[in-house]
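The values are calculated or read from the model by the stated rules, or taken from the named source; none is laboratory data. Bear in mind the structure is a predicted one, so any value in this text is a computation, not a measurement. Glycine gets a Cβ as well: all are built from the backbone with ideal geometry, and neighbour counts include every protein chain shown. Note: areas computed on protein heavy atoms with side chains; ligands, DNA, RNA excluded. Shrake-Rupley method; radii C 1.70, N 1.55, O 1.52, S 1.80 Å.
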Amino acid sequence: MAARVSCIQAVVGGALFIVPTLGSACSCLPDSVEGHYGAAAEVFVGRVVTVRDAAHPGPLFDAAAAVAATVAVEEAYKGYPASPSAVWSEPVHPGHCAIDLAVGGRYLFYVHVSGQVDLCGGTRRLLADDRDELADLRRLRNVLR
């Protein structure tokens, strides 16, 4: 019994040291490909052509600024995104789930109806090992047409 209490104390005590670290990071829960796909207005792979500071297009986070990007769409999985397509994100800083969009970078975009992209919505830089997710997106595109 004493060992069980010590184990619980160690786990709880360790959690206290982790919590402050979590507070400074994006804290959305992971979602499935299907979940991100269902929540997005448009889903596509694209290469960022331009990035600029812009006026915030909506009331989210009460921010005064946003980052606007122009993206050349390479393959669409949901919706009918124009190419080039315009998306926006919150400025990147601790605690926000904004994505750092870099000119020339290839990303998998899950775009909200407002045009916003973020880490919680599933948008991220495209990696070589994302082949399985892209195959899932092609399957969803073909099934849901």
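Note on the range 135-145: among residues that are assigned to a helix (DSSP H, G or I), more than 13 Å from residue 32 (Cα to Cα) and aliphatic (A, V, I, L, M), the one that is least open to solvent (accessible area, probe 1.4 Å) is 135. List the residue pairs whose Cβ atoms are under 6 Å apart, where the first residue sits in the range 39-56 and is farther than 19 Å from residue 125 by Cα and part of a strand (DSSP E or B), the second is open to solvent by less than 30 Å² (accessible area, probe 1.4 Å) and of a type outside the set (S, T, N, Q), and the two are 6 or more positions apart or on different chains. As it stands, the answer is 54/66; 54/68, since those pairs meet every condition given. Screening the range 88-104 for residues that are buried (at least 22 other Cβ atoms within 10 Å of the Cβ) and touching a Leu at 6+ places or on another chain (Cβ under 8 Å) and picking the one that is farthest from residue 31 (Cα to Cα) gives 89.
Scanning the range 41-63 for residues being modelled with pLDDT of 95 or more and touching a His at 6+ places or on another chain (Cβ under 7 Å) gives a total of 1. Selection within the range 105-131: residues that are over 21 Å from residue 29 (Cβ atoms) and in a helix (DSSP H, G or I). The member of this set that is modelled with the highest pLDDT is 131.
Quick check on the range 13-23. Is at least one of its residues at pLDDT 70 or above and within 29 Å of residue 133 (Cα to Cα)? Within the range 13-23, not a single residue is at pLDDT 70 or above and within 29 Å of residue 133 (Cα to Cα).
Condition check: within 26 Å of residue 143 (Cα to Cα), in contact with a Cys (Cβ under 8 Å, 6 or more places away or on another chain), among the aliphatic types (A, V, I, L, M) and surrounded by fewer than 20 Cβ atoms within 10 Å (Cβ to Cβ). Does residue 119 satisfy that? Yes.
When 76, 86, 66, 102 are checked against the criterion of being in a strand (DSSP E or B), more than 22 Å from residue 144 (Cβ to Cβ) and modelled with pLDDT of 90 or more, a single residue qualifies: 86.
Against the definition (over 10 Å from the mean Cα position of the chain (by Cα) and open to solvent by 20 Å² or more (accessible area, probe 1.4 Å)), how does residue 113 come out, yes or no? Against the criterion (over 10 Å from the mean Cα position of the chain (by Cα) and open to solvent by 20 Å² or more (accessible area, probe 1.4 Å)), residue 113 qualifies.
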